[in-house]
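Take a look at the structure set out below.
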2 protein chains.
Amino acid sequence: MEEEQLQALLRDLDALRQRPDDPASIDRMRERVVAMMNPAAGAASRSKIKDMSAEVVDSNPYSRLMALQRMGVVENYERIRDYSIAIVGIGGVGSVAAEMLTRCGIGRLLLYDYDTVELANMNRLFFRPEQVGMTKTDAAVQTLSGINPDVVLESYSLNITTVKGFETFLASLKARSSHERSTGVDLVLSCVDNYEARMVVNQACNELGQTWMESGVSEDAVSGHIQLLVPGETACFACAPPLVVASRVDERTLKREGVCAASLPTTMGVVAGLLVQNALKYLLNFGQVSPYLGYNSLKDYFPTMEMRPNPQCSNPACVQRQKEYMDSKPARDAAAKAKMEAEASAASEGPVHQDNEWNISVVDDEDTASSSIRSTADVLPEGLVRELPAADLYPELPAAASSSAIDDDLEELQRQLDALNSS
Amino acid sequence: MEEEQLQALLRDLDALRQRPDDPASIDRMRERVVAMMNPAAGAASRSKIKDMSAEVVDSNPYSRLMALQRMGVVENYERIRDYSIAIVGIGGVGSVAAEMLTRCGIGRLLLYDYDTVELANMNRLFFRPEQVGMTKTDAAVQTLSGINPDVVLESYSLNITTVKGFETFLASLKARSSHERSTGVDLVLSCVDNYEARMVVNQACNELGQTWMESGVSEDAVSGHIQLLVPGETACFACAPPLVVASRVDERTLKREGVCAASLPTTMGVVAGLLVQNALKYLLNFGQVSPYLGYNSLKDYFPTMEMRPNPQCSNPACVQRQKEYMDSKPARDAAAKAKMEAEASAASEGPVHQDNEWNISVVDDEDTASSSIRSTADVLPEGLVRELPAADLYPELPAAASSSAIDDDLEELQRQLDALNSS
C-alpha cells in the first residue's frame, strides 16, 4: 500500500520535471505524503498461485520458466513443485542456491545453518546489512518468502556436526517419505565451508541412500567445484582417503591460526549457478548431469571427471550401499533393456531428454575390486590451495594398483600431491 | 526516521511551490522517496566506510575481499574504488552484475535501462515482487544503496536506441573524464537482450575507443556467453557480418511473433558471475582475462575463442580505431620492451599478476589484411538457437579467403550455419 503511494510519488515527481509549473500536482503529492504519515500496514508481495501458467503476461511470474517446455528443453516444468531439496549451509553458495530454487518455484526447501548474518558476509550475494544479527536461516526465510510465497520453506538453525543436530538433520530428511523415495527429499545440496560438515552430510546421505550434490570454493576465492554423489554408485566423500587426509590437515591448521579466507560474489555466484543448474537437470530430466565440474576462474578452465566408489572405503554405510548397488545390477539391466525396447517401438518422435540421468557410466562390476580415481583432470578438494594447471599440462594421477595398497601408498600419493602443488 | 523523511518531503514540496523551476530539488525528493522504499534503509543499513580495511572482524564488510591480497591473488584490492563501470541493461544478467560489483565495493556504477519491473521478471535473481511497477534503474538503486552505501550510483532510465537516449548515453560515458582515460568510465558491460541495443553499445564504444564486455543468454535459457571488445584491437560487434545478419533476422522474427523467451536464474547468474569475474581480472590485474567464453549448460561445455577485427568492418569508427591501433604499434612495442627490461632487472621477486592484461595475442600487422575468425570452437551469437556440440566435434569455420569476399560468401556461410544447426 505504502509502496504504491511512494511509486505514485515518483511518477508525480517525474511528471513535474516535464511540466514544472503545475501547482495542482504539488497539492496531490502533499496529500499522498500526509496519507503515508498515518501508518498503514501490508506488504505488497504477491499472493500465492495455484497452478503454474505458461500465459505470456507481465503479471505471471512463471511464464519464462514454463517457456522451457515450448522451447523443447523441459518436458514438464511444473513437476518442479513436487520436489523437495535440502540445502545444508546458507552461506555464499547456499543462500544463492536457495534463492535460485525459490525463483524457479521448487516445491519445498529445507534450510540448515547455525550461523548468524554478519557485515563480513556482505561481499557475497543475498544477505542485506539490515539482517545483521539474525540467524541465516531466519534471514533466508524472510527474503525467500517475500520472493515466492508458493515455496514451502522449512528452516533448521542447528549445527549438524553435533550429536543432537545430526539426529534432527536425519529425522528432517526422512520426514514425509513417500514410497517412491528413500527419504522425504529428492536431493541434498551441501554448501558448507569445512571438511567436518561435509563428512557429516556424507554420513547422513550414505546411511539414507540419499543422492546429494557437494559444492565448494577455495580459500583464495578463485576456484570452486560441484560434484554429484550417488551412494553405492559414485565415490562418496570418504572414498579417496589420501586427498581427504591432506585436506583435513590443511584445514585444521587454517582454523587454528584464525586465518580469514578470501571470498568473491562472482566465484560463489558461478558455483551456486552451476550447482542449481545441475540439480534442475537432475530433477527435470534435461541435458547431461555433470558428475564433477570444477571452475578455475584465473584461467576460465572447467575440468570434469568421474570418481568410482572405493570398495575399501572407511565409511561402512558407503560399502553397504556399494554392495546393494552391485546386487541390484540384474534388475537394473532388465529395466534398462525394457525401457530401450519400449522407446525403440515408439521411436517416431525423439525424446526431449536423455535417459542417462547423471551422465555417469555404470560401474563395470568386474572392475570394482580396484579403486581408482579416473580423471582427465584431477582436482584437489577444499583446504588445499593451488592454482589448477591447464588440462593438457595435467599429469595423470596413477590409479592405486590394488585397493588394499591404498594405506601403504599414502606417502607416495602425498609426495605426488606436493609435486603437483609446487608445479 | 521515516516520519522525518516524510516531513522533509513536505517542506521540499512547499519550497517547490515557491520556486517551481528547481530541478535539483526534484532530484532530492526523488532520492528521499527511493530511500523510503527500502524499508530498513534508514535504520539498520551500515554507514559509509572511508578506507577499506583488512581487519578480520565480523563488522568489516571488506575483510574477505582484502584477504585476496594476503592470498596473493590481487596486489592492491582497494584500487577498485577508483574505477567506474557502466552497465547497460539491468535485467537478469545486468542486475546481478550490478549487485556483485556493488558488494565488491566498486567506486561508481552507471546503470541504464528503460524498462519497469514486472512479476514476469521474478524467475531471475535480484528484483523483488514489491518492486513491480518501479523502473528497473530506481529499483536497482533502492536495493544497491541499501547493500553498500560506499558505491556511487548513477541511474539513467532511458532507451539508448533512441536519438535522445543515445546522446545522453554518450555524454554520461564521457563525463568526469580524466587524462588517463578516453572516457569517464573504465569499462562498459553490455547486458542487453537484443541485437539493436548491442549495436548501439558497439557504436558508442567504437566512437569513444572504450573497452567493453558483451554478454548474452540464448532464448532457450540454456546457454550464454561473455566477450571482451577492445576497439581497434579485437573484433567489434559488427565485424562478423554473416553471423550478425543471421542473428538479426532470427531475432526480428521472434519479436514480430511475440514469442516469450525462456530464462533461468541459474544460466543468468552464471553468465553474470563470469562477466564480473572477467571485469575484476581486467581492472585489478589478476589471472587471464578471457576474450570470449561460452557456456553450454546442457553439456557443461565452455568454449573459448579469439576474434580479430575485420578491416572491412561496416562500422567506420571501428575501422578508424583499427588504423590507430596499427599506427601505435611501434610505441606499444617500445613500451613493452622497456617494461620487460625493467622487470628483468627487478626479477628477484616475481610479479603476482600477468602483464598481458587481456590474454589476447597482439595482432600481427602484416596479417590484418585478411579478416578471419580464429576459433578453436566457434559460437553463434544470440538469436540463433542451437545446442553447442562438444569442442572436439566442432568443424572449423573456414576463414574468409580475403576480406573483400565477405559479402559474396554470405550465402555460403549461411549454408554452413544451417548445416551446423541441423547437425
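The values are calculated or read from the model by the stated rules, or taken from the named source; none is laboratory data. Computed from a predicted structure; not experimentally measured. No Cβ is skipped: glycine too gets one built from the backbone with ideal geometry, and neighbour counts run over all protein chains shown. Please note that ligands, DNA and RNA were not included when accessible areas were found on the heavy atoms of the full protein model with its side chains. Shrake-Rupley method; radii C 1.70, N 1.55, O 1.52, S 1.80 Å.
In segment A:108-121, what residues are assigned to a helix (DSSP H, G or I) and surrounded by 23 or more Cβ atoms within 10 Å (Cβ to Cβ)?
Step one: of segment A:108-121, the residues assigned to a helix (DSSP H, G or I) are A:119-121.
Within segment A:108-121, just A:Asn121 meets the criteria.
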(message) Out of A:Ser155, A:Ser84, A:Ser190, A:Ser95, I need the residue that is more than 27 Å from B:Glu99 (Cα to Cα), surrounded by 17 or more Cβ atoms within 10 Å (Cβ to Cβ) and not basic (Lys, Arg). Which one?
(response) A:Ser84
(request) Quick one: B:Leu243 ticks every box in (1) modelled with pLDDT of 95 or more; (2) not in a loop (DSSP other than H, G, I, E, B) except a single one, so which number is it? (result) (1)
(request) Have a look at B:Arg81, B:Arg103, B:Arg124 and point out the one that is assigned to a helix (DSSP H, G or I), touching a residue at least 12 places away in the same chain (Cβ under 8 Å) and within 13 Å of chain A (Cβ to nearest Cβ). (result) B:Arg103
(request) Please state which one of B:Glu341, B:Glu306, B:Glu324 is open to solvent by 40 Å² or more (accessible area, probe 1.4 Å), touching a residue at least 60 places away in the same chain (Cβ under 8 Å) and part of a helix (DSSP H, G or I). (result) B:Glu324
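Take the residues in segment A:106-121 that are among the hydrophobic types (A, V, I, L, M, F, W, C) and at the interface with chain B (Cβ under 8 Å from one of its Cβ atoms), then tell me which one is farthest from A:Ala197 (Cα to Cα). Outline the logic, then answer.
The first filter runs over segment A:106-121 and keeps only residues among the hydrophobic types (A, V, I, L, M, F, W, C), leaving A:106, A:109-111, A:117, A:119-120.
Right, trim to at the interface with chain B (Cβ under 8 Å from one of its Cβ atoms) and you get A:119-120.
Working: A:Leu119: 23, A:Ala120: 21 Å.
Among residues in segment A:106-121 that are among the hydrophobic types (A, V, I, L, M, F, W, C) and at the interface with chain B (Cβ under 8 Å from one of its Cβ atoms), the one farthest from A:Ala197 (Cα to Cα) is A:Leu119.
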(message) Tell me whether segment A:268-282 contains one or more residues that are part of a loop (DSSP other than H, G, I, E, B) and open to solvent by 20 Å² or more (accessible area, probe 1.4 Å).
(response) no
(request) All but one of (1) of a type outside the set (S, T, N, Q); (2) within 15 Å of A:Met122 (Cα to Cα); (3) assigned to a loop (DSSP other than H, G, I, E, B) hold for B:Ile90, so report the exception by its number. (result) (2)
(message) Among (1) under 30 Å from A:Gly232 (Cβ atoms); (2) outside any loop (DSSP other than H, G, I, E, B), there is one condition A:Asp138 misses while meeting the rest; what is its number?
(response) (1)
(message) Being within 9 Å of another protein chain (Cβ to nearest Cβ), open to solvent by less than 10 Å² (accessible area, probe 1.4 Å) and not in a loop (DSSP other than H, G, I, E, B): is that true of B:Ala67 here?
(response) yes
(request) Could you grab the pairs with beta carbons closer than 9 Å, sequence gap of 6+ or different chains, first residue in segment B:272-293 and facing chain A (nearest Cβ under 7 Å), second one of a type in the set (Lys, Arg)? (result) B:Gly287/A:Lys299; B:Gly287/B:Lys281; B:Gln288/A:Lys299; B:Gln288/B:Lys281; B:Ser290/A:Lys299; B:Ser290/B:Lys281
(message) Going by what's in this entry, would A:Arg124 be described as basic (Lys, Arg) and open to solvent by 40 Å² or more (accessible area, probe 1.4 Å)?
(response) no
(request) State all residues of segment A:127-146 that are within 11 Å of another protein chain (Cβ to nearest Cβ), among the hydrophobic types (A, V, I, L, M, F, W, C) and either open to solvent by less than 10 Å² (accessible area, probe 1.4 Å) or touching a residue at least 60 places away in the same chain (Cβ under 8 Å) (or both); if no residue qualifies, say none. (result) A:Phe127, A:Leu144
(message) Could you tell me how many of the residues in segment A:36-52 are more than 9 Å from every other protein chain (Cβ to nearest Cβ), open to solvent by less than 70 Å² (accessible area, probe 1.4 Å) and modelled with pLDDT of 70 or more?
(response) 2
